[in-house]
Each structure stands twice: as structure tokens, then as C-alpha cells.
Amino acid sequence: MAIASGLTGADQGIKDAYTAGRKSGLTTITPQVLIGATYRHWGLLSKIQTYDNGTLPCDIISWHWYGPVIGSFTAPINDPDSVSNGRTPAQCLGDFKSPTNPSQPMDIWITETDRMQESGTAMLNGSVASNATPKTSQDWAAQASAIQTNIDGIKTVPSVKAIFVYELFDEPKADSSSTALLASEGYFGLITGLNGTLKNGFYTYQAEIKAADNSDLGRAPLAS
């Protein structure tokens with residue numbers, strides 16, 4: 001109740017402020033509000049929707065999707081204990097309808113996607129290939145392949161309007177306080193750092209952006 005009320009108030013407050021600004025001539029912007037519960041679980045959004053009389057207090061769902069560890073955005077969920085068993089994550093998010101057109105699903109922005117993979121007790125994230133030696137053991141090709149697979153599946157969903165790869169630069173200094181943190185967050189970059197080397201994933205993402213820009217097929221736009 002507190003979360004739903006807070007988000008509803010924020011959504012309405014932002015839009016009221018811009019309405020007043022447009023009337024006074026201070027702005028011409030009509031804002032769109034994004035909210036999300038990041039990834040995997042949409043139960044919170046369902047409860048907010050129920051509490052908020054069947055709608056979400058936003059215009060766009062912001063969602064994260066990492067492969068391959070959490071599966072495919074467009075593959076049926078195989079979990080007999082889940083109410084979503086047999087449906088894809090994309091279908092489940094399609095249950096949330098546009099506030100201005102209830103016959104259509106809400107727009108989705110995939111605001112994070114990259115490689116996340118379990119290997120025994122190790123998490124192989126971004127370009128990291130081993131938790132033991134994250135500074136020297138990286139697999140740029142594996143990261144690029146995962147990014148391509150993620151994008152290939154995600155962009156087939158018509159309600160997805162934007163895809164963002166997380167993230168532009170590696171962050172080894174910011175996450176150097178522990179080996180585990182460094183492995184989990186330090187090497188998600190498409191570039192090794194400011195003025196650094198462009199990884200394989202950079203060219204994968206660049207090619208997708210160019211293809212989307214040149215396509216007449218209405219693909220989801222991609223951005224970094």
C-alpha cells in the first residue's frame with residue numbers, strides 16, 4: 001500500500017507540475033514516467049496494479065534482463081510452483097495495460113541487459129570469466145554472444161521500445177573493495193574504460209543500433 005501510494009503520488013505530482021509549466025509557458029514537455037521492479041519477478045507490479053484500480057502509476061515499465069542465467073525473455077517459464085508457469089516473461093509483462101489504451105500492453109524499456117551466467121559457485125558476469133582472477137581472466141567473445149542472444153529475443157517483442165546494454169565502461173576501481181564485488185560488477189562494460197579498448201560487445205551493440213536505424217521493420221530502438 002505504501003509503495004503503490006508513493007508511486008501514484010510521484011507520478012501525479014510530476015505530471016501536474018509539467019501541466020502547470022506548459023500552461024505558464026515554462027515548458028512544452030509532456031513527461032512519461034518509468035517504473036519497474038528490475039527483473040524476474042513481477043508480483044510487486046501486479047499488487048500495485050490491483051491496489052491502483054487496475055492500472056500502474058506510470059507510462060512505461062523499466063525492466064532488466066540478463067542472460068543466460070535467468071533464461072530467455074521469450075521462452076516459457078518452467079516452474080510448476082509459479083503462477084506464471086508455461087508463459088514467457090514477455091507475456092506476463094504484457095498483462096500490464098497502457099493507461100491511455102487499455103487494449104494494448106504497456107511499453108517496456110529494457111534498461112539493463114548483459115551477460116550473467118552461473119558456473120558452479122562462480123558468477124560469470126559481463127566479460128569476467130573467473131571469480132578467482134577477474135583482472136586477468138576475461139572472455140569478451142562470451143559477453144558479446146550473450147548480449148546478441150539477449151537482444152535477438154527481446155527485440156521480437158513489439159511492446160519493447162528500447163534496449164540499453166549495461167554498461168558503457170568497466171568499473172574495476174569502484175568495485176575493487178572485494179574480489180566478489182569486482183567479479184559481479186567490475187567488468188560489465190562495453191569499453192574497458194575512458195579512452196580504453198572497445199570490447200567485442202561494443203561492436204555487437206553498435207551493429208544492432210545501425211541495423212535498427214536502417215530498418216523499415218519497426219524494430220525496437222537501442223541506446224547506450
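The values are calculated or read from the model by the stated rules, or taken from the named source; none is laboratory data. If you're wondering where the values come from, they're calculated on a predicted model, not measured in any experiment. Note that we place each Cβ from the backbone using ideal geometry, even for glycine, and neighbour counts take in every protein chain shown.
Observations
- Within the stretch 206-218, being of a type in the set (Gly, Ala, Ser) and part of a helix (DSSP H, G or I) holds for Ala207, Ala211, Ala212.
- For the stretch 171-205, the tally of residues that are touching a residue at least 24 places away in the same chain (Cβ under 8 Å), of a type in the set (A, V, I, L, M, F, W, C) and not in a helix (DSSP H, G or I) stands at 3.
- Phe96 vs. criteria under 30 Å from Cys58 (Cα atoms) and either crowded, with 18+ Cβ neighbours inside 10 Å or not hydroxyl-bearing (Ser, Thr, Tyr) (or both): yes
Conditions tested, residue by residue: (1) modelled with pLDDT under 95; (2) crowded, with 20+ Cβ neighbours inside 10 Å; (3) within 15 Å of the chain's Cα centre (by Cα).
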site	(1), (2), (3)
Arg40	yes, no, yes
Lys47	yes, no, no
Asp52	yes, no, no
Thr55	yes, no, no
Tyr66	yes, yes, yes
Ser82	yes, no, no
Pro102	yes, no, no
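- Looking only at the stretch 1-31, residues that are more than 17 Å from Thr100 (Cβ to Cβ), of a type in the set (S, T, N, Q) and not in a helix (DSSP H, G or I) come to 2 in all.
- If you check Val165, Val157 for being at pLDDT 95 or above, surrounded by 15 or more Cβ atoms within 10 Å (Cβ to Cβ) and in contact with an Asp or Glu (Cβ under 8 Å, 6 or more places away or on another chain), only one passes: Val165.
- Flag for Thr8 being surrounded by 14 or more Cβ atoms within 10 Å (Cβ to Cβ) and among the polar types (S, T, N, Q): yes
- Subset of the stretch 185-196 (residues that are modelled with pLDDT under 95 and among the β-branched types (Val, Ile, Thr)): Thr192
- Entry remark, the stretch 186-212: residues being surrounded by fewer than 18 Cβ atoms within 10 Å (Cβ to Cβ) and not polar (S, T, N, Q) number 10 in total.
- Contact map, the stretch 64-88: residues that are within 18 Å of Gly36 (Cα to Cα) paired with residues that are outside any loop (DSSP other than H, G, I, E, B) and among the aliphatic types (A, V, I, L, M), Cβ distance under 6 Å, separation 6+ or inter-chain. Pairs shown: Trp65/Ile110; Tyr66/Met116; Phe73/Ala90; Phe73/Ile154.
- Residue count, the stretch 152-170 (criterion: outside any loop (DSSP other than H, G, I, E, B) and out of contact with any strand residue (DSSP E or B) (no Cβ under 7 Å at 6 or more places or on another chain)): 2
- Complete set of residues in the stretch 123-139 that are more than 27 Å from Thr88 (Cα to Cα) and either among the aliphatic types (A, V, I, L, M) or at pLDDT 95 or above (or both): Val128, Ala129, Ala132
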